[in-house]
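For reference, the structure discussed in these notes is given below.
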Amino acid sequence: MSSAEGPSDARERLLARLLAAFEDNLPAPELSLREIAARAQTSHALLRYHFGSLPGVLAAMLTVQRSRDNAALLRAAAQGGFDDLVLAIWRAYTRPEQLSRVRGFFHVVGLAAYRPAEFGEFIDSLEDLTAILASLAEREGHPATEAHTMATVAVAALRGLLLQEVLAPATGSQDAVALILRMSRGPAGARETR
């Protein structure tokens, strides 16, 4: 590390190296820091220094990956609305190639539930998708509080359905997603009277 480079610069470069080494996936939780370091062509001591542990590595990688996902989802839904983004989220995360990341997400969420102080950046990032959905709901004419509630319920339901897909695939999730979309429209005719 050069004298002009700060720890956060080195951490960001190391994180970029990890993301490149594992592409769109996460390291399996069974891998050791040494194995992950070898794949990223770095040292496990640097991983430990910058991320603390394997869960720290996973949380940092997930935070960046989810931020990229959210930006791509927002671009895709720019011409659409709340329902379009809900569907885009569901389709993006239920693709077979996303299974590793979805499993990794729930692994890190479980760890963060027990040690929230160690996962602050990751926990803070969990609200990003809610904020995006809420802004779309507001754009469609919902009051701010209602829009935030709609977004919170949609994200919670989608995450619950994703967990169900990981644990017991093919359990009627498509019907549940359709119900989320119907709920976002409110009672019959509510939108037309606004």
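Would you confirm whether or not the range 41-59 contains a residue that is within 13 Å of the chain's Cα centre (by Cα) and in a helix (DSSP H, G or I)?
First, the residues of the range 41-59 that are within 13 Å of the chain's Cα centre (by Cα): 58-59.
If we keep only those that are in a helix (DSSP H, G or I) too, we end up with 58-59.
Within the range 41-59, one or more residues are within 13 Å of the chain's Cα centre (by Cα) and in a helix (DSSP H, G or I).
Please list, ordered by first then second residue, the pairs with beta carbon atoms under 7 Å, 6 or more apart or interchain, first in the range 25-45 and over 15 Å from Gly56 (Cβ atoms), second polar (S, T, N, Q).
Asn25/Ser100
Inspect the range 96-107 for any residue being surrounded by 14 or more Cβ atoms within 10 Å (Cβ to Cβ) and either in contact with a strand residue (DSSP E or B) (Cβ under 9 Å, 6 or more places away or on another chain) or among the polar types (S, T, N, Q) (or both) and give the result as yes or no.
Scanning the range 96-107 turns up at least one residue that is surrounded by 14 or more Cβ atoms within 10 Å (Cβ to Cβ) and either in contact with a strand residue (DSSP E or B) (Cβ under 9 Å, 6 or more places away or on another chain) or among the polar types (S, T, N, Q) (or both).
I'm trying to understand the selection: among the residues of the range 121-141, which are without any contact (Cβ under 8 Å) to a residue 24 or more places away in the chain and surrounded by 15 or more Cβ atoms within 10 Å (Cβ to Cβ)?
In the first step, residues of the range 121-141 are kept if they are without any contact (Cβ under 8 Å) to a residue 24 or more places away in the chain; the result is 123-124, 126-127, 131, 134-135, 138.
Selection gives Ile123, Leu126, Ala134, Ser135, Glu138.
Read-outs throughout are calculated quantities, based only on the coordinates presented, and are distinct from any laboratory measurement. Every value quoted in this text rests on a predicted model; they were computed, and no experiment measured them. Here the Cβ is made from the backbone with ideal geometry for all residues, glycine too, and neighbour counts use every protein chain on show.
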